[in-house]
Structure formats: C-alpha cells, structure tokens
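J.: This is the structure I have questions about; it appears just below.
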Amino acid sequence: MAIPREAYQTLESIVGSRYISEDPVVMEAYCGGRMGHGKDLAVDREMNKIPGCVVLPRTTKEVQAAVKVANRYKIPYLPASTYWVTHCAAKRDNQMIIDLKRMTNLKIDEKNMYADLESGVIYSQLQEEAMKRGLYITTPGGGAQVAVIPNHLTWGLSPLNYRNGLPARRILGVEWVLPDGEILRLGSLSQDKDPFWGEGFGPDLRGLLRGWTGWFGAMGIVTRMAVKLLPFQPERLEMSGITPDTTLLLPVNRMKWYNFRMPDRKSLVEAMYEIGRSEIGAAATKVPIFWRYIARSKSKEDFWEQWGSDQAKNEVETNHILRVLLIGYTSEAQLAYEERVLMDIIKEYGGQMGKTRQSDESWIKNADAAGMWWMTGGYVSVEVTVDTIDCAVKGGEALAELKRKYTPPLMEDYGDPGWFQVSELGHNGYLEFLTYYDPDDAEMHRTDEWVYIAVPKEDIRVGLFNGFKIYESPLELTGAAYGPNVHHWMNKVKQVFDPNGLSNPPVPADVDELIEKVDYLKKDW
Ligand SMILES: Cc1cc2nc3c(=O)[nH]c(=O)nc-3n(C[C@H](O)[C@H](O)[C@H](O)COP(=O)(O)OP(=O)(O)OC[C@H]3O[C@@H](n4cnc5c(N)ncnc54)[C@H](O)[C@@H]3O)c2cc1C
C-alpha cells in the first residue's frame with residue numbers, strides 16, 4: 001500500500017517533483033537508524049515503520065498545503081528538521097515525513113539582539129553569525145549540529161543556561177502551522193512582520209506549544225521562530241585541529257575554564273551555590289568521571305582498558321570535579337574580578353585547582369557530542385530534572401542505586417550519581433542521568449525495562465519530575481503522577497488541536513502502545 005496517487009500528485013504539485021520521494025532506498029534512509037539517544041530502544045525497534053513518502057517544502061505556505069493534503073486524505077505526517085531524536089521516525093503505515101531542511105532563512109537583528117529563523121537553520125550556523133556580532137546563544141550539549149527551532153520546542157539544555165536562562169524564556173514570535181493546516185502566529189508576529197515580542201500583542205501560547213518539553217511533532221509544525229540572543233564577548237574563538245579532533249581555542253583574556261577537585265560531593269554542591277549567590281560565572285557543572293575517561297581515550301579499546309581499572313572505580317568514589325567557565329562579558333577586568341571571587345570560594349570549600357585545556361569541544365559551537373555513545377554503541381539519557389540542586393543530587397544517588405540491578409546490560413559506571421549542575425545563576429539545579437548500553441546485547445530487553453518502567457517508577461517514588469519521561473514513559477503511569485493526571489490534559493489539548501490524530505501519532509503515548517505490543521514489558525499500574 002502506498003500514499004493514495006491523487007494525494008501524492010497533489011503533494012508533488014506543491015513542492016515540485018524534485019522535492020518529493022517514495023523511492024524505497026530514500027524511505028530506508030528516513031527510517032530511523034542507529035544514531036544514539038535511544039534509537040536502539042524498543043519504541044524504535046518494535047514500532048518504527050518505513051515511511052510512505054517524504055516531502056521537502058521550502059516555505060510556510062508549502063508546509064501548510066502539505067498538512068492540508070494530509071488532513072484531506074487522512075495521511076499521518078511528522079516534521080523532521082535534522083532528525084536527531086527518535087520521535088522523527090514514522091510509527092504508522094504510509095506516514096509522510098515533512099523534512100524541513102530546505103527552510104534555511106536566517107536574519108539577525110543585532111540591535112534588538114534576536115534571530116528570526118526557519119526550521120532548517122542549525123546552531124552552528126546561528127552561533128557563528130551571532131558571534132560575529134558579539135552575541136551568542138546556548139547550544140545544546142548534544143552538539144551544534146541540531147536545528148534551533150525543534151531544540152527550542154523540546155529541550156535547549158546546556159551548562160550555559162546557568163547564565164543564559166532556560167530555553168523557554170528565549171522564544172519570541174512564532175509562526176505555527178497547526179495540525180489541521182491553519183496558521184497561528186504568536187506574540188507580535190500576529191500583528192506585524194516584526195517577531196521581537198513573545199508576550200504581545202497577539203496570543204502568547206508558548207506554554208501550550210512547548211510547556212516543559214514540547215510535543216515532539218504531535219502538535220503541528222513551527223515554521224518560523226524568533227529567539228533571543230545574548231551579549232557575548234568580542235574576541236574570536238579560533239578553530240584548531242583536523243576533523244574529527246577539532247576544537248575552539250578560547251581567548252583567555254576574556255574566557256577561561258577552571259577545573260577544581262573538591263574534597264567531597266557536599267563541598268562541590270556548596271561551592272556551586274556560592275558561585276550562583278555571588279552572580280559570577282557562565283557555567284558551573286559537575287563532571288561525571290567517565291567523561292574524563294572518554295576524553296582522554298585514544299580508541300574504544302583504550303577506553304575499556306582504562307575504565308576497567310581499579311583506579312577508575314576509585315576515582316568515581318573519591319574525585320569530585322567542579323568545572324567552571326568564566327567569561328569577561330564586558331571587559332578583561334570583569335574576568336579578573338570573577339576569578340578572584342571564584343578562587344576565594346574554592347579556597348573556603350577546600351578545592352584544589354587542576355589542569356584544564358583552554359579550548360571548547362562541546363558547549364559553544366562544536367558537534368563532537370555526535371559520537372558520545374561510541375564506547376558501547378548505544379546511549380540514552382534517562383533523566384532530566386530541573387528543580388533544586390538538592391533534588392538533583394538525591395535523585396542522582398537514587399537512580400545510581402537502582403541502576404546496579406540493570407548493570408549489565410547497562411555499562412558499569414561504579415555508582416556515579418549522574419551529571420548535575422546549576423542553572424539560572426543558581427536559582428535551580430539540574431540533573432541528567434546518562435545510560436550507555438550495547439544495542440546487540442542479548443539482554444537488551446532489560447535496558448528497555450530500565451528506560452520505560454524502572455526509571456519512571458523511581459521518579460514517582462523519589463518525586464522527580466522528569467522532562468524526558470513525560471514522553472519516554474507510559475503516559476498512563478507518569479501522566480497520572482505528574483500534575484496529577486497531566487495526561488488527561490495532554491489528551492484533551494491534542495484532541496482539540498488535532499481531532500484527526502494525524503500529527504506524529506501515537507506521540508505522546510507511544511510507550512503505552514509499545515507496552516501493549518511486547519510481552520517483556522509488564523503493565524502493573
Ligand atoms: C546524543 C545526544 C545528546 C543530546 N544532548 C542534548 C543536550 O545536552 N541538550 C539538549 O538540549 N538536547 C540534547 N539532545 C537533543 C538534541 O538537541 C535534539 O536532537 C534537538 O533538540 C532536536 O533537534 P533536531 O534538529 O535533531 O530535531 P529533529 O530530530 O528533527 O526533531 C525533534 C522533534 O521535534 C519535531 N520537530 C522537528 N522540527 C519541528 C518543527 N519545525 N515544528 C514542530 N516539531 C518539530 C520532530 O518531529 C521530533 O519529534 C541530544 C541528542 C542526542 C542524540
């Protein structure tokens with residue numbers, strides 16, 4: 001069965017024959033392969049389908065027309081920008097992928113410090129243009145190779161949010177093709193061509209559009225968005241090295257990394273608090289020990305040799321590393337002042353400064369994180385909680401304890417309590433809990449059990465609101481606990497905006513459907 005011929009021809013007349021395909025080879029390429037962040041997990045293994053066709057619109061009008069055709073012929077569809085996350089894979093027969101990579105308009109308003117862009121624009125392009133103008137934006141830890149719009153609609157998380165604030169606050173005017181094909185403009189874009197203001201004059205539905213982590217293509221398509229840029233420092237970060245070992249050299253008169261070895265976890269946390277209280281710094285994060293081993297390994301074999309040693313195990317228990325980035329945004333004197341304050345804080349809490357390279361591979365513009373799962377072949381982050389720092393530490397400790405039951409097949413990390421940091425100048429804490437696994441392990445179903453059942457139940461037990469688990473868990477389980485009954489609201493909103501259920505079904509309830517389908521995930525709620 002294929003997309004109805006009449007529908008296909010109509011779509012072809014909208015985007016042109018060059019920008020539509022149902023070629024089986026091309027469809028395979030859009031099928032959601034092995035790319036990290038859970039692409040080997042059961043939702044994708046058991047539920048992914050080969051799409052029916054792909055269209056590549058160039059304009060909002062073309063997106064709108066394609067969505068209207070989908071509604072007329074009842075064709076499920078989903079948007080994809082760079083296709084980094086699992087929810088970009090078709091999960092229904094004859095689904096249409098609307099690939100937005102041709103929508104690459106980008107304008108920067110330097111004076112008012114915002115960028116007005118389309119969904120094909122990725123962070124490295126935006127960041128480069130912003131930095132030329134003395135501005136910057138938080139790029140996600142996962143790398144600057146991802147698109148700006150979907151990242152703002154979903155996560156937008158990085159240690160840089162310590163200074164730059166949470167991503168939802170950066171969204172300004174929005175142009176949104178609703179699931180039924182109607183266009184809705186938010187903020188000042190609704191009245192005018194200028195998208196500078198998110199709140200006014202028109203409707204501000206950003207809470208509904210994104211909430212905490214958005215809809216993953218289940219609420220139509222954002223074709224244009226204005227995002228806030230922030231003041232940076234004026235010096236250029238020079239590129240150094242040859243792919244894949246490239247890095248950006250920091251201008252050390254204006255930007256500097258510091259690594260401190262703290263006596264214990266408590267002092268590390270106290271120092272983070274104090275840094276925030278003193279309103280210094282651009283980022284302050286705890287470094288999981290295996291990151292250091294990844295960074296210094298020459299190959300996968302080398303990693304396993306080093307990571308399997310007693311020294312590695314010992315380091316997880318005894319090494320408490322605090323990594324801080326200072327930026328002299330306004331002047332060299334600002335950097336010098338902040339350095340003095342930082343050293344006073346570290347002295348008070350008994351930290352020792354260690355060596356660090358004055359370069360950046362992850363946070364400012366690069367994409368080295370695109371291979372962060374190479375040690376095992378599979379990677380998924382199972383927790384993202386923005387709450388207090390205390391919640392981050394206790395939550396990470398609880399998950400580390402539970403993880404022992406699932407190791408192996410999960411990679412041994414010797415009880416590391418995850419990656420925690422402070423956001424918004426210390427006003428909130430942040431926890432991420434990373435999981436590595438071998439996707440070819442015979443016990444892979446235990447990894448699924450960990451991701452879809454064990455972690456959500458632990459979140460509920462400990463009281464962690466997990467921004468990943470709202471869509472990577474059974475909605476009937478977590479939805480009932482969060483809110484409470486937040487899933488009823490989600491279902492109601494979805495029903496109002498997408499009565500035909502065509503925008504990326506069955507998101508956000510794909511895990512519920514998975515559990516009905518496989519016998520190794522047991523429903524007891
Ligand atoms: C290994 C790894 C590490 C990561 N680490 C981080 C991190 O530290 N911080 C962070 O913030 N993120 C992280 N991510 C997530 C990554 O940033 C996402 O891939 C990104 O947010 C989505 O951008 P994308 O270009 O990949 O979008 P896509 O994968 O193309 O789309 C993402 C979702 O949004 C939908 N979508 C796409 N475009 C639109 C649109 N225009 N309108 C409506 N819906 C749309 C899609 O259907 C899909 O469900 C990580 C991902 C991986 C794989």
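J.: Do we have ALA115 as open to solvent by less than 10 Å² (accessible area, probe 1.4 Å), part of a strand (DSSP E or B) and within 25 Å of ILE364 (Cβ to Cβ) here?
T.: Taking the combined requirement at face value, the residue satisfies it.
J.: If only one of GLY426, GLY395, GLY354, GLY415 is open to solvent by less than 10 Å² (accessible area, probe 1.4 Å) and more than 16 Å from the ligand (Cβ to nearest atom), which one is it?
T.: None of the other options fit; the residue is GLY395.
J.: In segment 373-392, what count of residues is obtained for those that are open to solvent by less than 40 Å² (accessible area, probe 1.4 Å) and either outside any loop (DSSP other than H, G, I, E, B) or more than 25 Å from ASP40 (Cα to Cα) (or both)?
T.: 12
J.: Being open to solvent by 50 Å² or more (accessible area, probe 1.4 Å) and at pLDDT 95 or above is the filter here, so list the residues in segment 58-91 that pass it.
T.: ARG58, THR59, LYS61, LYS68, ARG72, TYR73, LYS74
J.: Could you go through segment 121-136 and let me know if any residue there is closer than 17 Å to TYR83 by Cβ, crowded, with 19+ Cβ neighbours inside 10 Å and among the hydrophobic types (A, V, I, L, M, F, W, C).
T.: Yes, segment 121-136 contains at least one residue that is closer than 17 Å to TYR83 by Cβ, crowded, with 19+ Cβ neighbours inside 10 Å and among the hydrophobic types (A, V, I, L, M, F, W, C).
J.: If you don't mind, there's one more thing I want to ask. Between LEU342, LEU325, which is modelled with pLDDT of 95 or more, open to solvent by less than 10 Å² (accessible area, probe 1.4 Å) and within 16 Å of the ligand (Cβ to nearest atom)?
T.: LEU325
J.: Among the residues of segment 63-103, write down those that are over 21 Å from the mean Cα position of the chain (by Cα) and either in a helix (DSSP H, G or I) or without any contact (Cβ under 8 Å) to a residue 60 or more places away in the chain (or both).
T.: Correct list: VAL63, GLN64, ALA65, ALA66, VAL67, LYS68, VAL69, ALA70, ASN71, ARG72, TYR73, GLN95.
J.: Among the residues of segment 243-263, what is the count of those that are closer than 13 Å to LYS355 by Cβ and in contact with a Gly (Cβ under 6 Å, 6 or more places away or on another chain)?
T.: Total satisfying the criteria: 3.
J.: Do we find that VAL222 is more than 19 Å from the chain's Cα centre (by Cα) and at pLDDT 95 or above in this structure?
T.: Judged against the criteria, VAL222 is not a match.
J.: So is ARG261 over 29 Å from LEU434 (Cα atoms), in contact (Cβ under 8 Å) with a residue 24 or more places away in the chain and open to solvent by 10 Å² or more (accessible area, probe 1.4 Å) or not?
T.: Spelling it out, it is not the case that ARG261 is over 29 Å from LEU434 (Cα atoms), in contact (Cβ under 8 Å) with a residue 24 or more places away in the chain and open to solvent by 10 Å² or more (accessible area, probe 1.4 Å).
J.: Look through segment 357-372, keep the residues that are open to solvent by less than 40 Å² (accessible area, probe 1.4 Å) and near the ligand (Cβ under 9 Å from one of its atoms), and return whichever of them is modelled with the highest pLDDT.
T.: The residue in question is SER362.
J.: Let me ask something else about it. Taking LYS49 as meeting all but one of (1) under 13 Å from MET96 (Cα atoms); (2) free of Cβ contacts under 8 Å to residues at least 60 places away in the same chain; (3) not in a loop (DSSP other than H, G, I, E, B), write down the number of the exception.
T.: Among (1) under 13 Å from MET96 (Cα atoms); (2) free of Cβ contacts under 8 Å to residues at least 60 places away in the same chain; (3) not in a loop (DSSP other than H, G, I, E, B), the lone unmet condition for LYS49 is (3).
J.: What number of residues within segment 14-34 are without any contact (Cβ under 8 Å) to a residue 60 or more places away in the chain and more than 12 Å from ALA89 (Cα to Cα)?
T.: 12
The values are calculated or read from the model by the stated rules, or taken from the named source; none is laboratory data. Everything numeric in this text was worked out from a predicted model, so none of it was measured. Here the Cβ is made from the backbone with ideal geometry for all residues, glycine too, and neighbour counts use every protein chain on show. When the accessible area is computed, the model is the full protein with side chains, heavy atoms only, and any ligands, DNA or RNA have been set aside. Shrake-Rupley method; radii C 1.70, N 1.55, O 1.52, S 1.80 Å.
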